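Visitor: Let me begin by handing over the structure; questions about it come next.
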Amino acid sequence: MPRIVIADDDDDIRSIVELGLNAFGFEVFAAPDGEEGLRLVREKKPDAVVLDLMMPKIHGFAVCQAIRNDPQLKGLFIVVGSAKAYAADIKKVKTLGANIYLQKPYDLQVLADTLRAGISQIPASATAAAQVSAPPKKPAQEVSIPTTPENSLLQVKFWGTRGSIATPGRQTLRYGGNTSCVEVRSGNSILLFDCGTGVREAGMGMLREFQKQPLHIHLFVSHTHWDHIQGFPFFTPAYIPGNKLSIYSLHGTDKSLERIFTGQMDSTYFPVDLTDMMAEFKFIELEGPVQIGDTTIRHVYLNHPGVALGFRVEHAGKSVVYVTDHEPYYRLLGDNESSHKLDHEIDEFARGADLYIREAQYTEEEYPSHRSWGHGTWKDALNSAHAAKVRRLFLYHHDPMHDDESIDRIVESCRTYMRENGMTFECYAAGDQEMVSL
């Protein structure tokens, strides 16, 4: 008798599927949330699992990923079911290793046939990671991916999380050594924030994903210091005719945005001219919010040498805030009403964000010797996240002197500080190639 775990927080659906699959000859173990579902999978070692996406405690994305990362579960057949049909969800769960995505409400006969076919087709030794099973004999009614989803979830991928200079090597393998670059998928729009060395791998990833499809990429540049633009000449999509690249930032202190990008590719510094890039370019010097489809991108001035911006992305009730290269005003102006007002403006900009990406370059011990360099500490990031009441904080712009073990110690210090000060948001250190779905 095939053994199935179903994890779904909808009591009615869970009961109907459990009874229905029992009638079709399956032994079923049911869980009301992702945490219990994952526990049952590890305890019962079933042949297949049926996961809801939006569950309490641990959502379906994380459960799917945890299963695929467990060597003892590598042959498990995973069906993800949801009433949603957003392209981002479908693509994400398959990237994480789901075999089939079915839309609710389930046709119990189709679900049973899908499970039997999937279990029979995956050998015990299969790696199964990111593979999609062949369709069963009876159509499984898998959801087709819409080409222009208007209200899909925001998805974030870190391509570069290091500050100041790239730091490749054995000691930075886990958190990465590429400088600043973050990708945000919003509907069918591709947004990039900064183009440090991480943008090279971002570009290659897009080419693998989209093949020869023409792309329109929106690049938002916080400021034009080297570590935020040095990867741009290696951004492969910019060399492909038919692609479009809109670049947004402020007018420089003494040069236009276009002139700054043209200047870094002067023959003195680089053998390829900007005019050799065959994509269609548009340079937009920001004056107010930017509207891209159903997504709004706003900006705020940061406290950093020259001109620098933070960005807030809002889409379908979700928000991502990107604040890098920022030295809190109270650090330079003193602990007074004026500095508190300015710092409060940054906190308000991040108010209620689902994901707050905030630079945390220094420890408190390191800061005094780096005062006025335009960066803050991990405590500054935590205090801002707490004041802004965000859901999740990702520490970013890691100092080039901080190896993986140093960043681990910083995260531990953060969590201790949070417990001591009643802070309840989630806190992580961002790492290259890490993905977050909102």
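The values are calculated or read from the model by the stated rules, or taken from the named source; none is laboratory data. Everything numeric here is computed off the predicted structure, so don't read it as measured data. So basically every Cβ, Gly included, is an ideal-geometry build from the backbone, and we count neighbours across all protein chains shown.
Visitor: Just checking, how many residues over region 189-204 are at pLDDT 95 or above and either over 25 Å from ARG358 (Cα atoms) or not in a loop (DSSP other than H, G, I, E, B) (or both)? It would help to see each step written out before you state the result.
Guide: First, pick out the residues of region 189-204 that are at pLDDT 95 or above: 190-204.
From what is left, the residues that are either over 25 Å from ARG358 (Cα atoms) or not in a loop (DSSP other than H, G, I, E, B) (or both) are 190-193, 198-204.
Looking only at that region, the number is 11.
Visitor: Would you check which residues across region 342-380 are among the polar types (S, T, N, Q) and in a loop (DSSP other than H, G, I, E, B) and list them?
Guide: Of everything in region 342-380, those that are among the polar types (S, T, N, Q) and in a loop (DSSP other than H, G, I, E, B) turn out to be GLN361, THR363, SER372.
Visitor: If you take the residues in region 157-174 that are under 14 Å from the mean Cα position of the chain (by Cα) and of a type outside the set (Val, Ile, Thr), which one is surrounded by the fewest Cβ atoms within 10 Å (Cβ to Cβ)?
Guide: Per the stated criteria, the residue is LYS157.
Visitor: I would also like to ask the following. Could you count how many residues in region 422-433 are within 25 Å of VAL199 (Cα to Cα), in a loop (DSSP other than H, G, I, E, B) and out of contact with any Ser or Thr (no Cβ under 8 Å at 6 or more places or on another chain)?
Guide: Of the residues in region 422-433, 1 are within 25 Å of VAL199 (Cα to Cα), in a loop (DSSP other than H, G, I, E, B) and out of contact with any Ser or Thr (no Cβ under 8 Å at 6 or more places or on another chain).
Visitor: Which of the residues spanning region 10-47 are buried (at least 20 other Cβ atoms within 10 Å of the Cβ) and in contact (Cβ under 8 Å) with a residue 60 or more places away in the chain?
Guide: Matches in region 10-47: VAL17, LEU21, PHE26, ASP47.
Visitor: For the condition under 30 Å from ASP294 (Cβ atoms), touching a Cys at 6+ places or on another chain (Cβ under 8 Å) and modelled with pLDDT of 95 or more, what is the one hit in ARG392, ARG358, ARG312?
Guide: Working: ARG358 fails: touching a Cys at 6+ places or on another chain (Cβ under 8 Å); ARG312 fails: touching a Cys at 6+ places or on another chain (Cβ under 8 Å).
Matching residue, one of ARG392, ARG358, ARG312: ARG392.
Visitor: Say whether the condition of being under 30 Å from the mean Cα position of the chain (by Cα) and part of a loop (DSSP other than H, G, I, E, B) is met by at least one residue in region 328-341.
Guide: The answer is yes, given that some residue of region 328-341 is under 30 Å from the mean Cα position of the chain (by Cα) and part of a loop (DSSP other than H, G, I, E, B).
Visitor: Moving on. Do any strands (runs of 3 or more DSSP E) lying entirely in region 223-321 carry at least 2 residues that are within 20 Å of ARG358 (Cβ to Cβ) and β-branched (Val, Ile, Thr), and which ones are they?
Guide: Qualifying strands (runs of 3 or more DSSP E): 295-301.
Visitor: Go through region 288-311 and give me each residue that's free of Cβ contacts under 8 Å to residues at least 12 places away in the same chain and either more than 21 Å from the chain's Cα centre (by Cα) or more than 13 Å from LEU191 (Cα to Cα) (or both). Please lay out each step first, then the result.
Guide: If we filter region 288-311 for residues that are free of Cβ contacts under 8 Å to residues at least 12 places away in the same chain, which is where we start, we get 288-289, 291, 301.
Result: GLY288, PRO289, TYR301.
Visitor: When you go through VAL93, VAL50 one by one, which is the residue that is among the β-branched types (Val, Ile, Thr), touching an Asp or Glu at 6+ places or on another chain (Cβ under 8 Å) and buried (at least 17 other Cβ atoms within 10 Å of the Cβ)?
Guide: When all the criteria are applied, what remains is VAL50.
Visitor: Just give me the residues in region 289-313 being closer than 10 Å to HIS326 by Cβ and aromatic (Phe, Trp, Tyr), in sequence order.
Guide: Hit for region 289-313 is TYR301, nothing else.
Visitor: Being polar (S, T, N, Q) and more than 30 Å from HIS375 (Cα to Cα), is that true of even one residue in region 219-231?
Guide: No; the residues of region 219-231 include none that is polar (S, T, N, Q) and more than 30 Å from HIS375 (Cα to Cα).
Visitor: Can you tell me which residue within region 154-181, out of those that are under 16 Å from VAL320 (Cβ atoms) and outside any strand (DSSP E or B), is modelled with the lowest pLDDT?
Guide: Of everything passing the filter in region 154-181, LEU154 is modelled with the lowest pLDDT.
Visitor: Here's a follow-up. Go through region 363-380 and give me each residue that's surrounded by fewer than 19 Cβ atoms within 10 Å (Cβ to Cβ) and small (Gly, Ala, Ser).
Guide: SER369, SER372, listed by residue number.
Visitor: Is it fair to say VAL323 is touching a Phe, Trp or Tyr at 6+ places or on another chain (Cβ under 6 Å) and of a type in the set (A, V, I, L, M)?
Guide: Criteria not met by VAL323.
Visitor: If you take the residues in region 381-421 that are touching a helix residue (DSSP H, G or I) at 6+ places or on another chain (Cβ under 7 Å) and in a strand (DSSP E or B), which one is surrounded by the most Cβ atoms within 10 Å (Cβ to Cβ)?
Guide: Ranking the candidates gives LEU393 first.
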